[in-house]
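These notes concern the structure reproduced below.
The values are calculated or read from the model by the stated rules, or taken from the named source; none is laboratory data. Since we're looking at a predicted model, the values are computed, not measured. Every residue, glycine among them, receives a Cβ derived from its backbone with ideal geometry; neighbour counts consider all protein chains shown. Areas reflect the complete protein model, heavy atoms only, side chains present, ligands, DNA and RNA absent. Shrake-Rupley method; radii C 1.70, N 1.55, O 1.52, S 1.80 Å.
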Amino acid sequence: MRVDLAKFSNPDYQPGGTLKRGIWFFLNKLFIINKYNPSSGLRKFILRLFGAKIGTGVVIKPGVNIKYPWFLSIGNYSWIGEDVWIDNLGKVQIGSNVCISQGALLLCGNHNYKKEKFDLMVGDIVLEDGVWIGAKALVTGGVVCETHAVLSAGSVTSKNLNSYSIYQGNPSRFVRERTINK
(Lines give C-alpha, C1' and ligand atoms only; values in the text may rest on other atoms or scores of the structure.)
Protein backbone atom coordinates (compact mmCIF):
# COMPACT_ATOMS: atom_id res chain seq x y z
CA MET A 1 0.00 0.00 0.00
CA ARG A 2 1.18 3.54 -0.78
CA VAL A 3 0.10 7.01 0.29
CA ASP A 4 -2.23 8.54 -2.30
CA LEU A 5 -2.68 12.26 -1.64
CA ALA A 6 -5.22 12.48 -4.47
CA LYS A 7 -7.60 10.66 -2.09
CA PHE A 8 -7.03 13.12 0.78
CA SER A 9 -10.32 14.48 2.11
CA ASN A 10 -11.44 16.23 5.30
CA PRO A 11 -15.24 16.16 5.17
CA ASP A 12 -15.57 15.99 8.95
CA TYR A 13 -13.25 18.91 9.67
CA GLN A 14 -15.21 22.17 9.62
CA PRO A 15 -13.14 25.02 11.15
CA GLY A 16 -15.63 27.73 10.16
CA GLY A 17 -17.54 28.95 7.14
CA THR A 18 -15.76 29.73 3.88
CA LEU A 19 -16.62 33.44 4.02
CA LYS A 20 -15.46 33.77 7.64
CA ARG A 21 -12.18 32.00 6.89
CA GLY A 22 -11.67 34.10 3.75
CA ILE A 23 -12.19 37.41 5.53
CA TRP A 24 -9.95 36.25 8.37
CA PHE A 25 -7.21 35.27 5.91
CA PHE A 26 -6.96 38.85 4.62
CA LEU A 27 -7.30 40.59 8.00
CA ASN A 28 -4.69 38.26 9.47
CA LYS A 29 -2.25 39.22 6.67
CA LEU A 30 -3.03 42.94 6.91
CA PHE A 31 -3.10 43.48 10.67
CA ILE A 32 -1.85 40.50 12.68
CA ILE A 33 1.12 39.09 10.74
CA ASN A 34 2.07 42.50 9.35
CA LYS A 35 5.31 43.62 11.00
CA TYR A 36 4.57 47.26 10.15
CA ASN A 37 1.62 47.28 12.54
CA PRO A 38 3.16 48.08 15.94
CA SER A 39 -0.19 48.07 17.77
CA SER A 40 -0.81 45.10 20.05
CA GLY A 41 -4.15 46.74 20.88
CA LEU A 42 -5.31 46.67 17.26
CA ARG A 43 -4.28 43.02 16.92
CA LYS A 44 -6.24 42.10 20.07
CA PHE A 45 -9.27 44.07 18.88
CA ILE A 46 -9.37 42.25 15.54
CA LEU A 47 -8.74 38.85 17.14
CA ARG A 48 -11.64 39.45 19.55
CA LEU A 49 -13.89 40.43 16.62
CA PHE A 50 -13.24 36.96 15.24
CA GLY A 51 -14.00 35.16 18.48
CA ALA A 52 -10.67 34.97 20.32
CA LYS A 53 -10.97 35.23 24.08
CA ILE A 54 -8.14 37.49 25.27
CA GLY A 55 -7.60 38.60 28.86
CA THR A 56 -6.25 41.81 30.34
CA GLY A 57 -2.67 42.95 29.78
CA VAL A 58 -1.93 40.52 26.93
CA VAL A 59 0.88 41.56 24.56
CA ILE A 60 0.85 40.24 21.00
CA LYS A 61 3.96 41.26 19.07
CA PRO A 62 4.21 41.85 15.28
CA GLY A 63 4.55 38.92 12.93
CA VAL A 64 2.28 36.56 14.89
CA ASN A 65 0.27 34.20 12.68
CA ILE A 66 -2.98 32.74 14.05
CA LYS A 67 -4.85 30.21 11.92
CA TYR A 68 -8.33 30.48 13.51
CA PRO A 69 -8.88 33.06 16.27
CA TRP A 70 -12.24 31.49 17.17
CA PHE A 71 -10.26 28.48 18.50
CA LEU A 72 -7.98 30.65 20.70
CA SER A 73 -8.19 31.73 24.34
CA ILE A 74 -5.49 33.65 26.22
CA GLY A 75 -5.54 34.48 29.94
CA ASN A 76 -4.30 37.65 31.58
CA TYR A 77 -0.81 39.17 31.19
CA SER A 78 0.48 36.66 28.68
CA TRP A 79 3.03 37.52 26.00
CA ILE A 80 3.07 36.25 22.43
CA GLY A 81 6.46 37.04 20.83
CA GLU A 82 7.44 38.04 17.31
CA ASP A 83 6.88 35.47 14.56
CA VAL A 84 4.99 33.01 16.77
CA TRP A 85 2.79 30.72 14.68
CA ILE A 86 -0.34 29.42 16.36
CA ASP A 87 -1.51 26.86 13.80
CA ASN A 88 -4.65 26.13 15.75
CA LEU A 89 -6.65 23.70 13.67
CA GLY A 90 -7.87 22.66 17.14
CA LYS A 91 -8.41 24.70 20.28
CA VAL A 92 -5.42 26.43 21.86
CA GLN A 93 -5.88 27.50 25.46
CA ILE A 94 -3.16 29.76 26.84
CA GLY A 95 -3.34 30.53 30.55
CA SER A 96 -2.32 33.67 32.41
CA ASN A 97 1.28 34.87 32.67
CA VAL A 98 2.39 32.61 29.82
CA CYS A 99 5.35 33.59 27.65
CA ILE A 100 5.57 32.23 24.12
CA SER A 101 8.92 33.44 22.81
CA GLN A 102 9.76 34.55 19.29
CA GLY A 103 9.45 32.03 16.49
CA ALA A 104 7.72 29.36 18.59
CA LEU A 105 5.16 27.10 16.90
CA LEU A 106 1.98 25.67 18.40
CA LEU A 107 0.94 23.00 15.89
CA CYS A 108 -2.47 21.38 16.41
CA GLY A 109 -2.59 19.42 13.14
CA ASN A 110 -0.75 16.44 11.80
CA HIS A 111 -1.35 13.61 9.34
CA ASN A 112 -1.70 9.90 9.87
CA TYR A 113 1.25 8.46 7.97
CA LYS A 114 -0.21 4.96 8.39
CA LYS A 115 -3.27 5.75 6.25
CA GLU A 116 -3.40 5.70 2.48
CA LYS A 117 -5.36 8.97 2.44
CA PHE A 118 -2.92 10.68 4.89
CA ASP A 119 -5.87 11.53 7.17
CA LEU A 120 -5.80 14.81 9.10
CA MET A 121 -5.36 14.45 12.86
CA VAL A 122 -6.17 17.41 15.12
CA GLY A 123 -5.33 17.79 18.80
CA ASP A 124 -5.88 20.68 21.18
CA ILE A 125 -3.04 22.38 23.05
CA VAL A 126 -3.23 23.67 26.63
CA LEU A 127 -0.58 25.93 28.14
CA GLU A 128 -1.47 26.38 31.80
CA ASP A 129 -0.60 29.47 33.87
CA GLY A 130 3.05 30.51 34.03
CA VAL A 131 4.27 28.30 31.17
CA TRP A 132 7.23 29.49 29.11
CA ILE A 133 7.68 28.21 25.56
CA GLY A 134 11.20 29.17 24.45
CA ALA A 135 12.22 30.76 21.15
CA LYS A 136 11.81 28.50 18.10
CA ALA A 137 10.30 25.71 20.26
CA LEU A 138 7.53 23.45 18.92
CA VAL A 139 4.47 22.11 20.79
CA THR A 140 2.34 19.55 18.95
CA GLY A 141 -1.37 18.79 19.18
CA GLY A 142 -2.74 16.93 22.17
CA VAL A 143 -0.12 18.36 24.55
CA VAL A 144 -0.81 19.88 27.96
CA CYS A 145 1.98 21.98 29.45
CA GLU A 146 1.15 22.05 33.14
CA THR A 147 1.52 25.15 35.28
CA HIS A 148 4.94 26.85 35.11
CA ALA A 149 6.52 24.23 32.84
CA VAL A 150 9.34 25.44 30.58
CA LEU A 151 10.14 24.18 27.07
CA SER A 152 13.64 25.46 26.26
CA ALA A 153 14.56 27.29 23.07
CA GLY A 154 14.58 25.10 19.96
CA SER A 155 13.03 22.13 21.76
CA VAL A 156 10.19 19.94 20.50
CA THR A 157 7.48 18.28 22.57
CA SER A 158 4.76 15.88 21.55
CA LYS A 159 4.19 14.81 25.16
CA ASN A 160 2.75 16.56 28.20
CA LEU A 161 5.10 18.64 30.34
CA ASN A 162 4.86 18.39 34.13
CA SER A 163 4.39 21.45 36.31
CA TYR A 164 7.44 23.39 37.49
CA SER A 165 9.70 21.32 35.24
CA ILE A 166 12.16 22.36 32.53
CA TYR A 167 12.40 20.37 29.30
CA GLN A 168 15.01 20.59 26.56
CA GLY A 169 15.90 18.92 23.27
CA ASN A 170 14.25 17.07 20.38
CA PRO A 171 12.45 15.13 21.59
CA SER A 172 12.27 17.14 24.77
CA ARG A 173 13.47 15.55 27.98
CA PHE A 174 13.17 16.66 31.59
CA VAL A 175 16.37 18.43 32.69
CA ARG A 176 15.53 19.94 36.10
CA GLU A 177 12.89 21.43 38.35
CA ARG A 178 11.90 25.06 37.90
CA THR A 179 12.22 27.19 41.00
CA ILE A 180 10.98 30.78 41.04
CA ASN A 181 12.59 33.21 43.49
CA LYS A 182 11.13 36.51 44.67
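Taking the Cα centre of the stretch 49-182 as reference, the dipole from Cβ charges on Lys and Arg (+1) and Asp and Glu (-1) amounts to some 160 debye. Simple rule: put +1 on each Lys or Arg Cβ and -1 on each Asp or Glu Cβ in the chain, find the dipole, and look at Val143, Asn170, Gly154; the Cα lying farthest toward the positive end is Gly154. The slack in the chain from Lys53 to Tyr113, taken as 0.36 nm per residue of separation less the alpha-carbon distance, amounts to 18.2 nm.
Summing Cβ point charges (Lys, Arg +1; Asp, Glu -1) relative to the Cα centre of the stretch 107-163 gives a dipole of roughly 320 debye. Given the protein chains as shown and a 1.4 Å probe, how many square angstrom of Asp12 are accessible, to the nearest 10? Its heavy atoms expose roughly 150 Å² to the probe. Quick check: from the Cα gyration tensor, does the chain come out rounded (a/c under 1.5), prolate or oblate? Oblate shape, in that a/c is at least 1.5 and b/c is the bigger or equal ratio. Of the accessible area of the stretch 55-182, computed with a 1.4 Å probe over protein heavy atoms only, carbon and sulfur atoms account for 50 percent.
A simple packing score, the average count of other Cβ atoms within 10 Å per residue, orders the peptides 26-37, 105-116, 64-75 as 64-75, 105-116, 26-37, with the highest score first.
Taking the DSSP beta bridges with both ends in the stretch 90-166, the antiparallel portion is around 15 percent. Per residue, the chain exposes an accessible area of 56 Å² to a 1.4 Å probe, with every protein chain left in place.
Sequence-distant contacts, meaning Cα pairs under 8 Å at least 6 residues apart, place the relative contact order of the stretch 47-182 at 15 percent. May I ask for the distance between the Cα centers of the stretch 5-41 and the stretch 118-133, given as a whole number of Å? When both Cα centres are located, 18 Å separates them. In this structure the amide hydrogen of Ile74, modeled in the peptide plane, comes within under 5 Å of the amide hydrogens of Lys53, Ile54, Gly55, Ile94, none closer than 5 places in sequence on its chain.
Surface calculation, 1.4 Å probe, protein heavy atoms: Leu138 sits at approximately 40 Å² accessible. Only protein heavy atoms count here; on that basis, with a 1.4 Å probe, Val144 has an accessible area of about 40 Å².
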